[in-house]
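Step one of this worksheet: look at the structure below.
The values are calculated or read from the model by the stated rules, or taken from the named source; none is laboratory data. These figures come from a predicted structure and were not determined experimentally. Please note: Cβ atoms are built from the backbone with ideal geometry, for glycine as well, and neighbour counts cover all protein chains shown. All accessible areas refer to the heavy atoms of the entire protein, side chains included, with ligands and DNA or RNA removed. Shrake-Rupley method; radii C 1.70, N 1.55, O 1.52, S 1.80 Å.
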Amino acid sequence: MNRFHHYLLKIYNIHKKLNLGYFQNLGLSQGQPKLLEILLYNDGCPQKELASACELQPATISSLLKKMEKDELVRRIPETQKNGTHIVRIFLTSNGKELAHNVLKSVSSAENLCFKGFSAEEKEKCLSYLNRIYNNLKQ
């Protein structure tokens, strides 16, 4: 049966399998690779914004960060804003940055495999369609 949701599930499952073993070998649990990647590009991101970017509940992010802090991958630094509000910024440690780069290698490899045989234009169209689908579902 050629149904959209079947393709999504098949793609999700095989993509997850491709990366899961690699991430486990790095000592990362589910959810941590995404945090590392986001922080690599947004080091010092406020914890609340990190939760939003990952589309996870603040309690889930807090739990993930607690373990990552224990493993010396991140450090949390509280900060008081000029208006008196308190935020917690998340920074990668050198170990965290190294792991983040390894995560990027893995996901880049998987992405290259996904788009094997696609022209640059086809890849951009596909990503554009996926983004539109995501935005439709998000509403």
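When you scan the range 31-63, how many residues do you find that are free of Cβ contacts under 8 Å to residues at least 24 places away in the same chain and either part of a helix (DSSP H, G or I) or closer than 14 Å to Val74 by Cβ (or both)?
Residues in the range 31-63 being free of Cβ contacts under 8 Å to residues at least 24 places away in the same chain and either part of a helix (DSSP H, G or I) or closer than 14 Å to Val74 by Cβ (or both): 13 in total.
Of all residues in the range 14-30, those satisfying the criterion of being without any contact (Cβ under 8 Å) to a residue 40 or more places away in the chain and either touching a Phe, Trp or Tyr at 6+ places or on another chain (Cβ under 6 Å) or in a loop (DSSP other than H, G, I, E, B) (or both) are Ser29, Gln30. Taking the condition hydrophobic (A, V, I, L, M, F, W, C), under 26 Å from Leu137 (Cα atoms) and either in contact with a strand residue (DSSP E or B) (Cβ under 9 Å, 6 or more places away or on another chain) or at pLDDT 90 or above (or both), does Leu65 pass? In short, no. Residues in the range 85-108 that are open to solvent by 40 Å² or more (accessible area, probe 1.4 Å) and in a loop (DSSP other than H, G, I, E, B): Thr85 alone. Taking the range 115-132 as the range and being surrounded by 12 or more Cβ atoms within 10 Å (Cβ to Cβ) and either at pLDDT below 95 or not in a helix (DSSP H, G or I) (or both) as the test, the residues that pass are Phe115, Phe118.
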